[in-house]
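Asker: Mind looking over this structure? Questions follow.
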Amino acid sequence: EKGGFKHFMLKEIFEQPRTTADTIKGFISREYTLPVSLNEFRRVLITACGTSYHAGLVAKYWIEKYAKVPVEVVYASELRYSDNPINEKDLVLAISQSGETADTRFSALAAKEKGAFLVSVVNVVGSALDRESDYTLYTHAGPEIGVAATKTFTAQLAALYCLAVSQSPEREQLMAKLLSVTSLMEEILSRAEDIRKIALSYSSAKNMLYLGRYLSYPIALEGALKLKEISYIHAEGYPAGEMKHGPIALIDEKMPVFVIAPRDRTYEKILSNVEEVLARKGNVIAIGFEGDEHLRQKAKDVISIPHVEEDLSPFLTVIPTQLFAYYIADFLGLDVDQPRNLAKTVTVE
Ligand code: M6R
């Protein structure tokens, strides 16, 4: 059932080109049934937990760019007990792989009760959140067995990108580009062995910092979460620009810094952040575009990814972070698919 892979997590990482494509195709076949357009609302309020929350942070940038509506992203467990003034002018977007996460369901239901239009993104058809929502977008990732979310994250990104561009006049071209990103995902997976070798040289780290800006900031959070949950190595994700406001004090030769640096609008800035790390004797492992010599001169290790449009970089940058965490956890002999203290679905608040 693991299809020749050692763990479900590794199998699920490798399934991503297909599950991403399936999700996009699923959206294309249903897109005209979407009953509302995002810009009818005064804001979009995204709520979710864990990895699904990180997908929401990426979606914020896409929705603000294409639908031009302000987007707020709030952890479901924090939204539930806040006084966030929600009403019928809000579209609440709840993101949950399982559709059963208590925090997400209860805050989504409370928002619906206050009059918000509730759209959800779920992977499990017929799940509680699916039934409770006004409209559901499905991710077609298939069952995910590994406790660490991987293919459902990229499937969520696909569904959310489709939603963000659904009213754009350039929708057709944008969707075609989105679909073509799946062959670039394939290319990264074909170089998994190179990533494994790099990962193993970091397996004795006790702490790691993950940095990114703009669309790579949520990927830094997601990369750090993956490392924590399956390898039990302490890792923090941070917006790179915030490093100088505190975390820079932690940097020394013992704390590797994982920098996500595709060539986007923030590239020059993140290169300066890399310099700041080097000046404190930190070791940098970076994800960058193929042929990026600047990065190669600075970082100790570089994981190359194919060039991609700025918008779509999260589909590519996340894959090396998943593999990096996987290979370290496996090397350390840990139970990758069922890490300690964690459940796949958290149905308590
Ligand atoms: O089923 P959900 O998407 O609502 O689950 C949310 C989180 O519990 C989940 O993403 C969790 O953080 C994963 N173990 C992360 O890999």
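The values are calculated or read from the model by the stated rules, or taken from the named source; none is laboratory data. Please read these numbers as outputs of a predicted model, since none were measured by experiment. Please note: Cβ atoms are built from the backbone with ideal geometry, for glycine as well, and neighbour counts cover all protein chains shown. Accessible surface areas use protein heavy atoms only, side chains included; no ligands, DNA or RNA. Shrake-Rupley method; radii C 1.70, N 1.55, O 1.52, S 1.80 Å.
Asker: Within the range 312-336, can you find the residues that are away from the ligand (no atom under 11 Å from the Cβ), within 20 Å of the chain's Cα centre (by Cα) and either outside any helix (DSSP H, G or I) or among the aliphatic types (A, V, I, L, M) (or both)?
Answerer: Narrowing the range 312-336 to residues away from the ligand (no atom under 11 Å from the Cβ): 312-321, 323-324, 326-336.
Among the residues that remain, those that are also within 20 Å of the chain's Cα centre (by Cα) are: 312-321, 323-324, 326-329, 336.
Matches in the range 312-336: 312, 316, 318, 319, 323, 328, 329, 336.
Asker: Against the definition (open to solvent by 30 Å² or more (accessible area, probe 1.4 Å), closer than 24 Å to residue 148 by Cβ and not in a strand (DSSP E or B)), how does residue 68 come out, yes or no?
Answerer: Numbers: open to solvent by 30 Å² or more (accessible area, probe 1.4 Å): yes; closer than 24 Å to residue 148 by Cβ: no; not in a strand (DSSP E or B): yes.
Answer is no for this residue.
Asker: Counting only residues that are part of a helix (DSSP H, G or I) and of a type in the set (Lys, Arg), which one in the range 21-64 is least open to solvent (accessible area, probe 1.4 Å)? Don't jump to the end; show me each part of the working.
Answerer: Narrowing the range 21-64 to residues part of a helix (DSSP H, G or I): 21-33, 38-40, 50-64.
Now narrow it down to the ones that are of a type in the set (Lys, Arg): 25, 30, 60.
Values: 25: 112, 30: 87, 60: 56 Å².
Within the range 21-64, the match that is least open to solvent (accessible area, probe 1.4 Å) is 60.
Asker: Does the range 158-171 contain at least one residue that is within 14 Å of the ligand (Cβ to nearest atom), touching a residue at least 12 places away in the same chain (Cβ under 8 Å), open to solvent by 10 Å² or more (accessible area, probe 1.4 Å) and not β-branched (Val, Ile, Thr)?
Answerer: Within the range 158-171, not a single residue is within 14 Å of the ligand (Cβ to nearest atom), touching a residue at least 12 places away in the same chain (Cβ under 8 Å), open to solvent by 10 Å² or more (accessible area, probe 1.4 Å) and not β-branched (Val, Ile, Thr).
Asker: Still on this structure, please answer the following. Looking for something assigned to a loop (DSSP other than H, G, I, E, B), under 17 Å from residue 212 (Cα atoms) and in contact with a Ser or Thr (Cβ under 9 Å, 6 or more places away or on another chain) - is there at least one such residue anywhere in the range 290-299?
Answerer: First pass over the range 290-299, keeping only residues assigned to a loop (DSSP other than H, G, I, E, B): 290-292, 299.
Restricting the remaining residues to those that are under 17 Å from residue 212 (Cα atoms) gives 292, 299.
Filter once more, so that each one left must be in contact with a Ser or Thr (Cβ under 9 Å, 6 or more places away or on another chain): 292.
Scanning the range 290-299, I find at least one residue that is assigned to a loop (DSSP other than H, G, I, E, B), under 17 Å from residue 212 (Cα atoms) and in contact with a Ser or Thr (Cβ under 9 Å, 6 or more places away or on another chain), so the answer is yes.
Asker: What number of residues within the range 224-278 are open to solvent by less than 50 Å² (accessible area, probe 1.4 Å), without any contact (Cβ under 8 Å) to a residue 40 or more places away in the chain and within 16 Å of the ligand (Cβ to nearest atom)?
Answerer: So the count comes out to 3.
Asker: Okay, next question. Which pairs do you get when a residue that is free of Cβ contacts under 8 Å to residues at least 24 places away in the same chain, found in the range 295-314, comes within reach of a residue that is surrounded by fewer than 15 Cβ atoms within 10 Å (Cβ to Cβ) and in a strand (DSSP E or B), reach meaning Cβ atoms under 8 angstrom, with the pair 6+ apart or on two chains?
Answerer: If the second residue must be surrounded by fewer than 15 Cβ atoms within 10 Å (Cβ to Cβ) and in a strand (DSSP E or B), no pairs are left.
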